[in-house]
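Novice: Can you keep this structure in mind? I'll have questions shortly.
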Amino acid sequence: GYDIAVDVTVYDPYKITDKQRRKIFALVNDIEAHTGQPREYMRAMFIDYLKAIHGTENRISMASCSKREASDLIDVIITWIFQNHIPMNYKTSDLMRNDNYFIYLSTINRQCIICGKPNSDIAHLEAVGSGRDRRTHDHTNHHVLALCRRHHNEQHQVGIKTFNQTYHLENSWVKVTPEINKKLQGR
């Protein structure tokens, strides 16, 4: 008749992939290039932070961590990069382009998902019509991405289908919920 509290940890037998490892190193290299903080120090800091959030005793090892742990580490680093306005190298941005969390944060923070340029436009997959004030437009239920002026113009010049194929964005557009709409409008 007593209540029982149980912690369940699901074992992930799949190890970190080479692509995940490349993403982690590319991200910390960009941090080092911008801040001067050594990449090994930053990587260790993010690993310790992840250890604290998960409440575990063991630090993850880049040599043998699971895909889930690597994915969590990438998300922590990406969040830190956007919070601290760290510019990303074009190759890093290209490597991250299929990462949903990266696309979401790029769009919310209005950093071009192609080149990383700040103060980018909100581009729409579905046409919203000309003459609207896009700063106050309700984007709910639209699919959007952050694109700098150059890439946004390119999107309109070549068309959505060609643009999506060129940059491999077919399934990358962010569907705007009311919560995301508030973030896009800075409320």
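The values are calculated or read from the model by the stated rules, or taken from the named source; none is laboratory data. All values reported here derive from a predicted model rather than from experimental measurement. A quick note on method: Cβ atoms are made from the backbone with ideal geometry, for glycine too, and the neighbour counts reach across all protein chains shown. Ligands, DNA and RNA are excluded from the accessible area calculation, which covers all protein heavy atoms including side chains. Shrake-Rupley method; radii C 1.70, N 1.55, O 1.52, S 1.80 Å.
Novice: Ignoring ligands, DNA and RNA, please state the percent of accessible area on segment 55-184 from carbon and sulfur, probe 1.4 Å.
Specialist: On the way: 3290 of 6940 Å².
Exposed carbon and sulfur together represent 47 percent of the surface.
Novice: Looking at the square roots a ≥ b ≥ c of the eigenvalues of the Cα gyration tensor of segment 75-122, which shape do they give, rounded for a/c under 1.5, prolate if a/b is larger than b/c, or oblate?
Specialist: On the way: a/c = 1.22, a/b = 1.08, b/c = 1.14.
Rounded shape, in that the Cα axes give a/c under 1.5.
Novice: How high is the relative contact order of segment 58-139, in percent, counting Cα pairs under 8 Å that sit 6 or more residues apart?
Specialist: For segment 58-139, the relative contact order is 20 percent.
Novice: For segment 71-176, rounded, prolate or oblate, judged on the Cα gyration tensor with a ≥ b ≥ c (square roots of eigenvalues), a/c < 1.5 rounded, else prolate if a/b > b/c?
Specialist: Details: a/c = 1.74, a/b = 1.46, b/c = 1.19.
In terms of gyration-tensor shape, prolate.
Novice: On average, how much accessible surface per residue is there in the chain, in Å², for a 1.4 Å probe, leaving out ligands, DNA and RNA? Intermediate values should be presented prior to the final figure.
Specialist: Working: 11310 Å² over 187 residues.
Averaged over the residues of the chain, the accessible area is 60 Å².
Novice: Next question, about the same structure. Tell me, in nm to one decimal, what length is gained between His168 and Arg68 on full extension, where the rule is 0.36 nm per residue of separation less the Cα-Cα distance? Before the final figure, lay out the partial values.
Specialist: Values: separation 100, 0.36 × 100 = 36.00 nm, distance 2.41 nm.
Net length gain for the segment: 33.6 nm.
Novice: Hey, can you grab everything whose amide H is under 5 Å from the amide H of Ser120? Only 5+ residues off in sequence or another chain; H modelled, so Pro and N-termini drop out.
Specialist: It is Gln111, Cys112, by chain and number.
Novice: When the accessible area of segment 1-51 is split by element with a 1.4 Å probe, what percent falls to carbon and sulfur? Each step should come with its number before you reach the end.
Specialist: Working: 2040 of 3810 Å².
It is 54 percent, rounded to a whole number.
Novice: What FRET efficiency, computed as 1/(1 + (r/R0)^6) with R0 = 45 Å and r the Cβ-Cβ distance, is obtained for Asn153 and Lys15, rounded to the nearest 0.05? Numbers along the way, then the final one.
Specialist: Working: r = 43 Å, r/R0 = 0.95.
E(calc), rounded to 0.05, equals 0.60.
Novice: Next question. Please report the accessible area of Tyr49 (heavy atoms, 1.4 Å probe, ligands and nucleic acids excluded) in Å², nearest 10.
Specialist: Rounded to the nearest 10, the figure is 130 Å².
Novice: When only the heavy atoms of the protein chains count and the probe is 1.4 Å, how do Phe82, Phe25 rank by accessible area, highest first? Could the numbers behind the result be given before it?
Specialist: Values: Phe82 10, Phe25 70 Å².
Sorted by accessible area, descending: Phe25, Phe82.
Novice: Rounded to a whole number, what is D in µm²/s for segment 25-98 from Stokes-Einstein with the Kirkwood radius over alpha-carbon pairs (25 °C, 0.890 mPa s)?
Specialist: Values: Rh = 12.8 Å.
For these conditions, the coefficient is 192 µm²/s.
Novice: Across the chain, how many lysine pairs separated by 8 or more positions, or lying on different chains, have Cα atoms within less than 16 Å?
Specialist: Number of lysine pairs found: 9.
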